[in-house]
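Engineer: Would you mind keeping the following structure in view while I ask a few things?
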Amino acid sequence: MNETVKHTAKKKVIFSEFFRNNGAVMGSLLFGLVGFWLIFLILLPQLSMLDYSFRYNLPPAEVGGPKDVYTLSNYQHLLYGSDTSHQRYNSVDLKVFVRTIIAAIMVTVFNILLCYPLAYFLGQSKGSGFVRLLVVLLIIPYWINEILRAFALRIIFGDSGLLNDVLIFLHITSEPIDFIRQDIALYAGLGYAYILLMLFPMYNVIESLDRNQIEAARDMGASWVRIHRRIVIPHAKPGIVSGATMVFMLSAGALAAPQILGGPSSLWFTQLVYQWFNDSLNWQQGAAYAMVLLVSTITIVLTVMRIFKVNMGDIGK
Amino acid sequence: MSSGVAVDLENIWIRFGDFVAVREANVSIKGGDFFSFLGPSGCGKTTILRAVSGFLEPSQGQVRIGGKDMAGIGPNKRPTALIFQNLALFPLMKIWENISFSMEVAGASTAERRKRADELLDMIALEGQGDKYPSELSGGQKQRVAIARALCANPDVLLLDEPLSALDLKLRQHMRTELREIQKRVGITFIYITHDQGEALTMSDSVAVMKAGVIDQIDSGHNIYDHPSTPFVASFVGENNVFRGKVKEIKGNDALISTNRSGELLSRITPSQVGKLSVGDDAMMFIRPETLRLGKADASSKTTISADVINEEFEGNSFSVFLKGDGDKSIKMSVPNAGQDHISSRGENLSLHYDATNAVAMPAGELASE
């Protein structure tokens, strides 16, 4: 009881301090902008999608009429398929869903493994001009549009692409490898698309690690493996989780890379959502699919955070 | 415990590119000694410590610990433990895990580690604090945990890199005593780096005073203070009044110096420079503020200095009287507080007496910058 009173009192202090520091006009403006962002850019669009996902896909004339009632049919469709299908479950769509989640997890793990050594190198050799140049070089490819980058990768991974040319020239393979059909191009594209979002949070936390701690551990005889396991990785954990969250969410929700780099037989779950909205003009069905993806990815992220004992607050650091 | 292991530095040179950080260092540290390297920041003392701990290989020369050449042996394989200036405790490990980290590395069981950590916590008077995290401890407590962590590995030599510099004055003075006691209890060799002469003098069996990569003097704290061998040591350790001049006469171990401003003054020659000072040489003479006394004017005395008062400061236990001296340097006299209101008034001419045995003369050289 007493605690709650203190808590609200503290909140009030922060509130009035905010207005005192910024002045009434600026304070209200900032407050209004944050409110606008929260309500109009985050809350309302999601709520309207949520609403859509529970409605029937009716012709415009019947919208708002007696037939426009809430239903679970859109969600049932993902699980059981249409009434006319002979299968017990909607195995096609469910398979795409599971494959998307697993592939997004793989892409995330791959990015962690790739970025950790790089982030460690960048973070611990601080201050040198070479490192700063390296960081700029890492960023430059991201000045190019995402779709163009995906096409560039398609060209590199194509049958007569650069990679196959090199492999054939080096006699590693005699026939061109079909990277597109094997989904290698897709995973490479997804991994590359969001790699900086993994690298920079990791780099930031590792840079803040006191180098004396590493030397102290070394002085006490610790091997490199132990130094990383006991000192560097625990310190870098918030950065790793924060990067992993972003890469996982964005990979699972990516559209451009799967559209351009995906093989003919492989669908990404977002492509199904896209088809419902765009090809079938069934927004209600698409919204239900999108909601399932959103809730599942959030659940996975929260579970992983619980397992690795990371708080929400650490991620924002 | 251990009876103490000797550390020898033989002709050590450490270069970074063209910069010579340490020049021809020859030091023999007896086993079980508390040895300090004292010098201003940037004089190369930390570099020497890193060479002993193995984080850095000297460009030339040999580091021997217990008679064994350490060349090519990494910090994790040397019988040394280093305490960092910022302590470098592991913030994400509990105190007991911090302390027993070296045992974890060696593969000891959790029960063994916990037991040893608890023993060490008892020793540093932090019983029952093992389950806290470093951030929950005060500065002095963290300090003691860092010492316990270093001692846990049973090192032969403990290396301390200005570990007290982050503490406030009272705690620093308390920790000096405590460090010295811990050292006596465990009996191992301590090598201590500091720019604080008070720390070096109170704790050490021996002190090496360093200036710009060169060791000027290695001696007991007492000898460093009373018998400095160079003008740098005389002016860096404690407070000192400098008088510049030329040698007029040498009589045994004493020299008569014709000073630039204060007439002819008699002084003993510092022991290490006896025989190296001859008539006509540029010399420097040092008299400590606490050895100057007020006296009567006596023009014929060779141990009386006449000077005008610039100002006076009340220090609590003493008064500091500043008088016009040699060039831009003032002469400082320290008079114990025995209940006087004041000692002098501005502009007053005073005669200061001293004993020739309390003054030291040596060839002129570089002074410590203030």
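The values are calculated or read from the model by the stated rules, or taken from the named source; none is laboratory data. Every value quoted in this text rests on a predicted model; they were computed, and no experiment measured them. FYI the Cβ positions are ideal-geometry reconstructions off the backbone, even for glycines, and counts take in every protein chain you see. Surface areas here come from the heavy atoms of the whole protein model, side chains and all, with no ligands, DNA or RNA. Shrake-Rupley method; radii C 1.70, N 1.55, O 1.52, S 1.80 Å.
Engineer: Determine whether segment A:231-247 contains at least one residue that is crowded, with 18+ Cβ neighbours inside 10 Å, under 30 Å from A:LEU72 (Cβ atoms) and away from every other protein chain (no Cβ under 14 Å). Let's see the steps before the verdict.
Structural biologist: Narrowing segment A:231-247 to residues crowded, with 18+ Cβ neighbours inside 10 Å: A:231-232, A:235-236, A:238-247.
Subsequent filtering for residues that are under 30 Å from A:LEU72 (Cβ atoms) retains A:245.
Okay, now just the ones that are also away from every other protein chain (no Cβ under 14 Å), so A:245.
For segment A:231-247, residues crowded, with 18+ Cβ neighbours inside 10 Å, under 30 Å from A:LEU72 (Cβ atoms) and away from every other protein chain (no Cβ under 14 Å): present.
Engineer: Something else: Give me the residue from segment B:239-266 that is part of a strand (DSSP E or B), in contact with a Lys or Arg (Cβ under 7 Å, 6 or more places away or on another chain) and over 17 Å from B:GLY325 (Cβ atoms) and, out of that set, least open to solvent (accessible area, probe 1.4 Å).
Structural biologist: Of the residues in segment B:239-266, the ones part of a strand (DSSP E or B) are B:241-251, B:254-259, B:264-266.
Keeping just the survivors that are in contact with a Lys or Arg (Cβ under 7 Å, 6 or more places away or on another chain) gives B:241-242, B:254, B:256-259, B:264-266.
From the residues that got through so far, the ones that are over 17 Å from B:GLY325 (Cβ atoms) too are B:254, B:256, B:266.
Values: B:ASP254: 55, B:LEU256: 18, B:LEU266: 48 Å².
Per the criteria, the residue is B:LEU256.
Engineer: Out of everything in segment B:131-156 that is within 12 Å of chain A (Cβ to nearest Cβ) and closer than 15 Å to B:VAL186 by Cα, what residue ends up being most open to solvent (accessible area, probe 1.4 Å)?
Structural biologist: B:ASN154
Engineer: Within segment B:21-64, take every residue that is part of a helix (DSSP H, G or I) and hydrophobic (A, V, I, L, M, F, W, C) and give me the one that is surrounded by the fewest Cβ atoms within 10 Å (Cβ to Cβ). Explain how you work it out, then say what you get.
Structural biologist: Step one: of segment B:21-64, the residues part of a helix (DSSP H, G or I) are B:45-53.
Subsequent filtering for residues that are hydrophobic (A, V, I, L, M, F, W, C) retains B:48-49, B:51-52.
On the way: B:ILE48: 29, B:LEU49: 21, B:ALA51: 23, B:VAL52: 25.
Going through the qualifying residues, I end up with B:LEU49.
Engineer: Please state which one of A:ALA150, A:ALA188, A:ALA103 is under 19 Å from A:GLN259 (Cβ atoms), buried (at least 16 other Cβ atoms within 10 Å of the Cβ) and in contact with a Ser or Thr (Cβ under 8 Å, 6 or more places away or on another chain).
Structural biologist: Checking each option against the conditions leaves just A:ALA103.
Engineer: Could you grab the pairs with beta carbons closer than 8 Å, sequence gap of 6+ or different chains, first residue in segment A:40-63 and under 11 Å from A:ALA288 (Cβ atoms), second one open to solvent by 60 Å² or more (accessible area, probe 1.4 Å)?
Structural biologist: A:TYR52/A:TRP283; A:PHE54/A:TYR70; A:PHE54/A:LEU72; A:ARG55/A:VAL69; A:ARG55/A:TYR70; A:ASN57/A:TRP283
Engineer: Has segment A:200-212 got any residue that is within 14 Å of chain B (Cβ to nearest Cβ), surrounded by fewer than 14 Cβ atoms within 10 Å (Cβ to Cβ) and more than 23 Å from A:ALA104 (Cβ to Cβ)?
Structural biologist: yes
Engineer: Does B:THR47 meet the test of being of a type outside the set (Phe, Trp, Tyr) and within 14 Å of chain A (Cβ to nearest Cβ)?
Structural biologist: When the stated conditions are applied, B:THR47 does not pass them.
Engineer: Quick check on segment B:209-227: of everything there that is more than 13 Å from the chain's Cα centre (by Cα) and not in a helix (DSSP H, G or I), which residue is surrounded by the most Cβ atoms within 10 Å (Cβ to Cβ)? Break it down stepwise before answering.
Structural biologist: Residues of segment B:209-227 more than 13 Å from the chain's Cα centre (by Cα): B:212-214, B:226-227.
Cutting the leftovers down to not in a helix (DSSP H, G or I) gives us B:212-214, B:227.
Numbers: B:ALA212: 16, B:GLY213: 22, B:VAL214: 17, B:HIS227: 19.
Here the answer is B:GLY213.
Engineer: Under the condition of being facing chain B (nearest Cβ under 7 Å) and part of a helix (DSSP H, G or I), which residue from segment A:218-229 is most open to solvent (accessible area, probe 1.4 Å)?
Structural biologist: First, the residues of segment A:218-229 that are facing chain B (nearest Cβ under 7 Å): A:218-222, A:226.
So of that shortlist, the ones also part of a helix (DSSP H, G or I) come out as A:218-219, A:226.
Values: A:ARG218: 65, A:ASP219: 11, A:ARG226: 46 Å².
Per the stated criteria, the residue is A:ARG218.
Engineer: Return the total of residues in segment B:106-130 being outside any helix (DSSP H, G or I), without any contact (Cβ under 8 Å) to a residue 12 or more places away in the chain, open to solvent by 50 Å² or more (accessible area, probe 1.4 Å) and not polar (S, T, N, Q).
Structural biologist: 3
Engineer: Among the numbered criteria (1) modelled with pLDDT under 90; (2) within 14 Å of chain A (Cβ to nearest Cβ), which single criterion is violated by B:SER41?
Structural biologist: B:SER41 satisfies every listed condition except (2).
Engineer: Now, a different point. Of these, B:SER351, B:SER334, which one is touching a helix residue (DSSP H, G or I) at 6+ places or on another chain (Cβ under 8 Å) and on the phi < 0 side of the Ramachandran plot?
Structural biologist: Checking each option against the conditions leaves just B:SER334.
Engineer: Scan (1) open to solvent by less than 80 Å² (accessible area, probe 1.4 Å); (2) at pLDDT below 90 for the single condition A:LEU50 breaks and write down its number.
Structural biologist: So A:LEU50 meets the others, but not (2).
Each row is one residue, and each column tells you yes or no for (1) facing another protein chain (nearest Cβ under 8 Å); (2) on the phi > 0 side of the Ramachandran plot; (3) touching a Phe, Trp or Tyr at 6+ places or on another chain (Cβ under 6 Å).
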site	(1), (2), (3)
B:SER53	yes, no, no
B:GLY66	no, yes, no
B:ASP69	no, no, no
B:LYS77	yes, no, no
B:ALA81	yes, no, no
B:PHE84	yes, no, no
B:TRP96	no, no, no
B:ALA106	yes, no, no
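Engineer: Same structure, new question: Among (1) under 30 Å from B:VAL20 (Cα atoms); (2) out of contact with any helix residue (DSSP H, G or I) (no Cβ under 7 Å at 6 or more places or on another chain); (3) not aliphatic (A, V, I, L, M), there is one condition B:GLY54 misses while meeting the rest; what is its number?
Structural biologist: Here B:GLY54 clears every test but (2).
Engineer: Among the residues that make up segment B:175-186, is at least one of them in contact (Cβ under 8 Å) with a residue 60 or more places away in the chain, open to solvent by less than 10 Å² (accessible area, probe 1.4 Å) and under 14 Å from B:PHE35 (Cα atoms)?
Structural biologist: Scanning segment B:175-186, I find at least one residue that is in contact (Cβ under 8 Å) with a residue 60 or more places away in the chain, open to solvent by less than 10 Å² (accessible area, probe 1.4 Å) and under 14 Å from B:PHE35 (Cα atoms), so the answer is yes.
Engineer: Something else: Out of A:SER296, A:SER266, I need the residue that is away from every other protein chain (no Cβ under 14 Å) and open to solvent by less than 20 Å² (accessible area, probe 1.4 Å). Which one?
Structural biologist: On inspection, the qualifying residue turns out to be A:SER266.
Engineer: Let me ask something additional. Which one is modelled with the lowest pLDDT among residues in segment B:324-336 that are in a loop (DSSP other than H, G, I, E, B) and surrounded by 13 or more Cβ atoms within 10 Å (Cβ to Cβ)?
Structural biologist: Filtering segment B:324-336 for residues that are in a loop (DSSP other than H, G, I, E, B) and surrounded by 13 or more Cβ atoms within 10 Å (Cβ to Cβ), the one modelled with the lowest pLDDT comes out as B:ASP326.
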